[in-house]
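So the structure is just underneath, and the comments pick up after that.
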Amino acid sequence: MFELKDKVAIITGARQGMGKSHALVLAKAGAKVVVSDISKEDCKVVVGEIKKEGGQALAVKCDVSKKEEVDEMVKKTIEKFGKIDILVNNAGICQFKPFLELTEEDWDRTLDINLKGYFLCTQAVAKEMAKQKAGVIINIASVAMGQQGIGFPNIVHYCASKGGIAAMTEASAVELAPYNIRVNTIAPGMIETPMIDPVRKDPKTMEAMLARLPMRRVGKPEEVSNLVLFLVSGESSYMTGSTVVIDGGWLAG
Ligand code: NAP
């Protein structure tokens, strides 16, 4: 099960955090992995870890908000591995700021990376997948995507971007199904990565967050990667347009 031998996967925002974990887990399952992020140096470290375990990987610098860099990432992937079977849109930022203090620049930066970046990568990669009539795309959203019965203060622009991702997943899944390309969203709760450092540094907020979590702990990146693995594998072949929440029971509690 969950065999990815001969599959080629691109992971964005993969120099650290969940993206790095997805890269390692997919490589372990046999995929050739393109490890991409703003900093190529850190990607090379991840590639080194994959190669040490006998896997194949390539480090590519790509700011997902810039079309020319996204196109270059796709070109380099095709040159190196000949095709793309899997895309994990993972790159993202989360700026904490009260709504009334948000600037137009704050809004644009978050939406450019978190939402436009997903569009640019999905479109560029889907054009390649359409040629081979096969592919799987995972969009990482968040429980902060809206319509879940909880509101999140100080990240209005982040929430808007994540809600957009969930909507984009459904709509693109419909359009890409005739090309045998599946598109699904994963909506994680609180996961232990550098992104939640601001929360971790504030013991009172952390305590309040954990009190809301039935499992009383934050998730580990590998726990999300295992879900990514299922959703990109043949075992989830009838799933498209879905949003899967992985949150330690947060929304249920
Ligand atoms: P992370 O450790 O901060 O990883 C995100 C990565 O994306 C970083 O390496 C970051 O680089 C990179 N990135 C930022 N802007 C980029 C751009 N323009 N182009 C390419 N890469 C860029 O955070 P994470 O927690 O692993 O987040 C991964 C995904 O999960 C994000 O989409 C996030 O919104 C989502 N998520 C996280 C949580 C959580 O609790 N951690 C919960 C729900 C959803 P820099 O560090 O240089 O900015």
Next on the checklist: With only alpha-carbon atoms in the gyration tensor, what are the semi-axes of the equivalent ellipsoid for the range 8-245, in Å, largest first?
Outcome noted: 28, 20, 18
Item to check | For the range 1-90: accessible area per residue (Å², 1.4 Å) | outcome: 46 Å²
Checklist entry - Got the relative contact order for the range 119-182 handy, in percent, Cα pairs under 8 Å and 6 or more residues apart? => result 43 percent
Checklist entry - How many Å² of accessible area per residue for the range 95-253, probe 1.4 Å? => result 50 Å²
Item to check | Loop chymotrypsin sites (Phe, Trp or Tyr not before Pro), the range 161-253, which have at most 14 other Cβ atoms in a 10 Å radius of their Cβ (DSSP) | outcome: Tyr238
Checklist entry - Where in the range 78-146 are there trypsin sites (Lys or Arg not before Pro) that are in a DSSP coil and have at most 10 other Cβ atoms within 10 angstrom of their Cβ? => result Lys133
Checklist entry - Given the range 1-106 reduced to its alpha-carbon atoms as identical point scatterers, what log10 I(q)/I(0) does the Debye formula return at q = 0.13, 0.19, 0.22, 0.24 Å⁻¹? => result -0.47, -0.86, -1.09, -1.28
Checklist entry - Which loop GluC sites (Glu not before Pro) in the range 1-87, with loop taken from DSSP, have no more than 11 other Cβ atoms within 10 angstrom of their Cβ? => result Glu53
Item to check | Helical segments meeting 20 Å axial Cα length and Kyte-Doolittle -0.5 threshold in the chain (DSSP H) | outcome: 117-132, 156-176
Checklist entry - Given H placed on each backbone N at 1.01 Å, which residues far from Ser242 in sequence or on other chains put an amide H within less than 5 Å of it? => result Thr185
Item to check | Accessible area of Thr103 in the full protein assembly, 1.4 Å probe (Å², nearest 10) | outcome: 60 Å²
Item to check | Share of carbon and sulfur in the accessible heavy-atom surface of the chain [1.4 Å probe, %] | outcome: 55 percent
Checklist entry - Which entries of Lys75/Lys162; Lys7/Lys201; Lys28/Lys75; Lys51/Lys204; Lys75/Lys201; Lys51/Lys220 show an alpha-carbon separation above 32 angstrom in the structure shown? => result Lys7/Lys201; Lys51/Lys204; Lys75/Lys201
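The values are calculated or read from the model by the stated rules, or taken from the named source; none is laboratory data. This one's a predicted model, so the numbers in the text were calculated from it and none came from an experiment. Heads up, the Cβs are rebuilt from the backbone with ideal geometry, glycines too, and the neighbour counts pull from every protein chain shown. Please note that ligands, DNA and RNA were not included when accessible areas were found on the heavy atoms of the full protein model with its side chains. Shrake-Rupley method; radii C 1.70, N 1.55, O 1.52, S 1.80 Å.
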